[in-house]
């Protein structure tokens, strides 16, 4: 039985360039960034297990949510991928959105409390439109969402030329800090790893 379509006639979007964001590219943490002391003993155990897994030829899968990206840690994950320490990433939609916005305009993370009150939460036009276009184009080519977003940065016109009419013209941020932009090339440089029996 078909379900009724949602009525989108009252949905209002805004250009992401007009939104105040809490996190900008200057907040990114790189491998060279001095870090505060983190003395949780479990961190050393995790690090030892990651090293042991890679030495044994086993994969290391990093599963993450949006806060990892919006706290500026994408360059750390990119470094770990490029060095072959991480072999796979699995993220949720929030991580993809924050990564995409950082790559697109160099900032992310709206004021959730305020935007829930005024109904603007998640209504940045370019984020929804461009990600949707990239993912749809990827589906037509048999790609998953992450690979489709990666491809969107590589193929001119994949999504950057077709925001909804009325969007504010924007200058796109060069996206080297995007995990999705870098993930395929990072993983491609390392041979597949067999899981030991």
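The values are calculated or read from the model by the stated rules, or taken from the named source; none is laboratory data. Computed from a predicted structure; not experimentally measured. Virtual Cβ from ideal backbone geometry, glycine too; neighbours counted across all protein chains shown.
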### Query
Taking residue 132 and the conditions (1) more than 15 Å from the chain's Cα centre (by Cα); (2) over 30 Å from residue 30 (Cβ atoms); (3) at pLDDT below 90, which numbered condition does it fall short on, given that it satisfies the others?
(1)
### Query
Counting just the residues of segment 108-121 that are in contact (Cβ under 8 Å) with a residue 24 or more places away in the chain and under 14 Å from residue 13 (Cα atoms), which one comes out nearest to the chain's Cα centre (by Cα)?
110
#### Entry: Residue in segment 42-60 that is under 16 Å from residue 86 (Cα atoms) and in contact with a strand residue (DSSP E or B) (Cβ under 9 Å, 6 or more places away or on another chain) present
yes
### Task
Restricting attention to helices (runs of 4 or more DSSP H) lying wholly within segment 34-130, give those where 3 or more residues are surrounded by 12 or more Cβ atoms within 10 Å (Cβ to Cβ) and on the phi > 0 side of the Ramachandran plot.
none
